[in-house]
Each structure stands twice: as structure tokens, then as C-alpha cells.
Amino acid sequence: MNFFQNAPYISKHMALNEKLAGRIRESLAGHEDVEEKKMFGGLCFMVNGKMCVCAKTEEMMCRIDPEIFESVLKKKKARPMIHNGNLMKGFLFISEEDLKTKKEFEYWIKLSLEYNKVSKPAKAKSKEKGNPTARAGVKKRLLVERSIKQMGDFLSSIQ
């Protein structure tokens, strides 16, 4: 499947930096298995089924080797990704201001593609986990079970 095929649809329906997304598309044009996906509040470029880089409104997110993460942060202008209060080692944001030169831009793309070759794909979600109705059913069942236990505890305490 040609990954450019869905690009116009995606870009019309979300706020993102189209110029940055275009630079990423151009840089990844020679790679076979590239797909664009709406993720992380931007447009992510999946390579070999794995998240590689993402264009956001004013920055690019790169997935790099967690082993070199700290050393790269020390020598390059980038900020780490914090998700739900947790440091996401291997995920960095680079401001568009720091991606002006082709050399700097390609440095980040190269780091991301190198790690993509050895990174493990994301774990597949179970059908129950991925299905909102099933999740709601599990949540409801747990609430009912807890309520029944609390009612039993209460009745035991008054006897």
C-alpha cells in the first residue's frame, strides 16, 4: 500500500505541521513498509509496523534506542517524552526550530530508523482490551462484584 494514499484525508482532519510532515514523507520515501497513522496528537510514521517518527504542530517526536537516550539528550537540543508522569525512555521531542538544516533533520530520522530495525513491535491488544464495550462490561462486572462483597461484609457486621 502506498503510504501517501491517505495523507490528504488525514491532514485535512487534524491540526499538524504539514510542512514538517512533508519533510518526513520525503525522507522516508525510499522505505518500503511506511504507513501514516493519527497518534500522540499528531501524524505518526510507522515503519515496518512500528512507530518511528511523528509530526506534531511545532515539533517532531522520534523513537530512538533507549540505550543512547540520555547521551543524545546531553548533546542535542531535545526534550524527553513524559506520559502520565513517567519518563518514556527512547521517545524525544525536537522543536521545529532545531530541525532547520537538512543535516540536523536527517540526524534524527537516521537515529529513529536505526532503532526501528531492532525495536520490538508494540504488543497486540487482546480483543477484550481493545473493545470499549468489553472493557465497560469488565468494569461493570468488577463494580458489581465489589458491591456484593461490601454488602456481604455489611450484613455480616450487623448480625
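The values are calculated or read from the model by the stated rules, or taken from the named source; none is laboratory data. These numbers come from a predicted model, not from an experiment. Quick reminder, even Gly has a Cβ in these numbers, built from the backbone with ideal geometry, and neighbours come from all protein chains shown. SASA here: full protein model, heavy atoms, side chains in, ligands and nucleic acids out. Shrake-Rupley method; radii C 1.70, N 1.55, O 1.52, S 1.80 Å.
Per-structure values
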| read-out | value |
| --- | --- |
| Whole-percent carbon and sulfur share, accessible surface of the stretch 34-93, 1.4 Å | 48 percent |
| Prolate/oblate/rounded call for the stretch 16-59, Cα gyration tensor, a/c under 1.5 rounded | oblate |
| Computed FRET value (nearest 0.05) for LYS74 with ALA122, which takes r as the C-beta separation and R₀ as 30 Å | 0.60 |
| Sites matching chymotrypsin sites (Phe, Trp or Tyr not before Pro) across the stretch 29-129 that sit in DSSP coil, with at most 16 neighbouring C-beta atoms within 10 Å | PHE40 |
| Cross-link table LYS38/LYS117; LYS37/LYS74; LYS89/LYS120; LYS38/LYS110, entries beyond 20 Å C-alpha to C-alpha | LYS38/LYS117; LYS37/LYS74; LYS38/LYS110 |
